[in-house]
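Novice: A single structure is presented below for examination.
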Amino acid sequence: MDLFGMLYLDELSHGLANLSMFPYFDMAHYIVSVMALREQPGVLDVSRVSPLACWFSSMLYCFGGAVLSGIMLAEPPVAPLSNGTSVLLASTIWYLVFYCPMDVVYSGAALLPLRLVLSGMKEVTRTWKVLGGVTQARSKYKDSLLVMIAIGWARGAGGGLISNFEQLVRGVWKPETNELLKMS
């Protein structure tokens, strides 16, 4: 007997590929992104002084790849924010991570086992974002492989690439932390 045949891995992989990203994988992406923002130096002070700047920074962390790929393709950079359900979900998670009493949500999500699961789910979401970026670029530039790769990369790594602009929103700018100069 074939061990892989007994495990039904082919059906399992097709089942996972057909899973909807919303809401579980998107929630994991938003939680990990907002937690990454919260762990930046000085962000907690900004969240108390200017919640709107903190919220906008969180939205850039959550939707940075789509914003950046939109700019690169000469599309409206605010288009990702037109999906009200996703923005509402990301805003709710931002509120819970930053303002939940006794930091229950942040402390719970920061536990290593849960954080590992959330990070894994975020990486699954990243692969879908890269694929979406390549598909979006292919619809406009059918014969340009370099453009497809650049847009896929920007869509997948957008939060890190747009971090300098996000720092400007918070009133902090550190050009030495640019993702293009020091890639993670």
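Novice: Would you tell me the accessible area of residue 75, worked out with a 1.4 angstrom probe on the heavy atoms of the protein chains, in Å² to the nearest 10?
Specialist: Around 60 Å² of this residue is reachable by solvent.
Novice: Rank these by accessible area, largest first, 1.4 Å probe: 143, 26, 45, 103.
Specialist: On the way: 143 155, 26 25, 45 105, 103 45 Å².
Order by accessible area, largest first: 143, 45, 103, 26.
Novice: Still on this model: Taking 8 Å as the Cα distance limit and 6 or more residues as the minimum spacing, I'd like the relative contact order of the chain as a percentage. Mind showing how you got there, number by number?
Specialist: Details: 188 pairs, mean separation 50.8, N = 184.
The normalised contact order for the chain reaches 28 percent.
Novice: For the stretch 48-88 and the stretch 117-134, write down the distance between their C-alpha centroids in whole Å.
Specialist: Result: 17 Å between the Cα centres.
Novice: If ligands, DNA and RNA are left out, what is the accessible area of residue 81 with a 1.4 Å probe, given in Å² to the nearest 10?
Specialist: My reading of the accessible area for residue 81 is about 60 Å².
Novice: What longest range of the chain stays clear of loop-exposed chymotrypsin sites (Phe, Trp or Tyr not before Pro) (DSSP non-H/G/I/E/B, at most 16 other C-beta within 10 angstrom)?
Specialist: The longest such stretch corresponds to 9-140.
Novice: State the percentage of accessible surface on the stretch 7-116 attributable to carbon and sulfur atoms; use a 1.4 Å probe and exclude ligands, DNA and RNA.
Specialist: The C+S portion of the solvent-accessible surface of the stretch 7-116 is 72 percent.
Novice: For the full complex of protein chains and a 1.4 angstrom probe, list 50, 139 by accessible area with the highest value first.
Specialist: Greatest to least solvent exposure: 139, 50.
Novice: Something else now. Between (i) 1, 7, 12, 15, 16, 15, 12, 9, 6, 4, 2, 0, 0; (ii) 1, 8, 14, 18, 19, 16, 10, 6, 4, 2, 1, 0, 0; (iii) 1, 5, 6, 6, 6, 6, 6, 6, 6, 6, 6, 6, 5, 4, 3, 3, 3, 3, 3, 3, 2, 2, 1, 1, 0, 0, which entry matches P(r) over Cα pairs in 5 Å bins from 0, in percent as derived from the coordinates of this structure?
Specialist: (ii)
Novice: To the nearest 20 debye, what is the magnitude of the charge dipole of the chain about its Cα centre, counting +1 on the Cβ of each Lys and Arg and -1 on the Cβ of each Asp and Glu?
Specialist: 400
Novice: OK, next. Need one number: the % of Cα-Cα pairs in the stretch 84-184 sitting beyond the 20 Å mark.
Specialist: Roughly 59 percent, once rounded to a whole number.
Novice: Continuing with the same structure: Across the chain, where is the longest run that never hits trypsin sites (Lys or Arg not before Pro) in a DSSP loop with at most 12 other C-beta atoms within 10 Å?
Specialist: 1-141
Novice: Next question, about the same structure. Rolling a 1.4 angstrom probe over the protein heavy atoms, how many square angstrom per residue are accessible across the chain?
Specialist: Numbers: 10850 Å² over 184 residues.
Accessible area per residue: 59 Å².
The values are calculated or read from the model by the stated rules, or taken from the named source; none is laboratory data. Not measured: the values here are computed from a predicted model. Neighbour counts are summed over all protein chains in view; Cβ atoms, including those assigned to glycine, are modelled from backbone coordinates with ideal geometry. Surface accessibility is based on the protein's heavy atoms, side chains included, excluding ligands, DNA and RNA. Shrake-Rupley method; radii C 1.70, N 1.55, O 1.52, S 1.80 Å.
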